[in-house]
Amino acid sequence: MIKIDKNQLDKAGIYDVSNGVDPETNAKLGLPGLAYAKKDKEVLILRFIPKNAYEIIK
């Protein structure tokens, strides 16, 4: 598990999928994807995460 400092990332490349919306289509996610995205607080990050933007916590 890692902790990510979103302030170090390009805002245009961050998509919070835990809100239940597909970032490509803006349509509501269906099951089981919706359930997993909410449970895991899923966030999609395009491209890469700079080394100074994350910390390994577990």
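Some notes on this structure:
- Taking the criterion of being at positive phi and under 12 Å from the mean Cα position of the chain (by Cα), the residues of the range 1-46 that qualify are GLY20, LYS41.
- Number of positions in the range 35-58 that are out of contact with any helix residue (DSSP H, G or I) (no Cβ under 9 Å at 6 or more places or on another chain) and either touching a residue at least 12 places away in the same chain (Cβ under 8 Å) or surrounded by 15 or more Cβ atoms within 10 Å (Cβ to Cβ) (or both): 4
- Pairs are defined by a Cβ separation below 6 Å, a sequence spacing of at least 6 or placement on different chains, a first member in the range 13-25 that is within 12 Å of LYS41 (Cβ to Cβ), and a second member that is small (Gly, Ala, Ser) and at pLDDT 90 or above; the pairs so defined are VAL17/ALA37; SER18/ALA37.
The values are calculated or read from the model by the stated rules, or taken from the named source; none is laboratory data. This one's a predicted model, so the numbers in the text were calculated from it and none came from an experiment. No Cβ is skipped: glycine too gets one built from the backbone with ideal geometry, and neighbour counts run over all protein chains shown.
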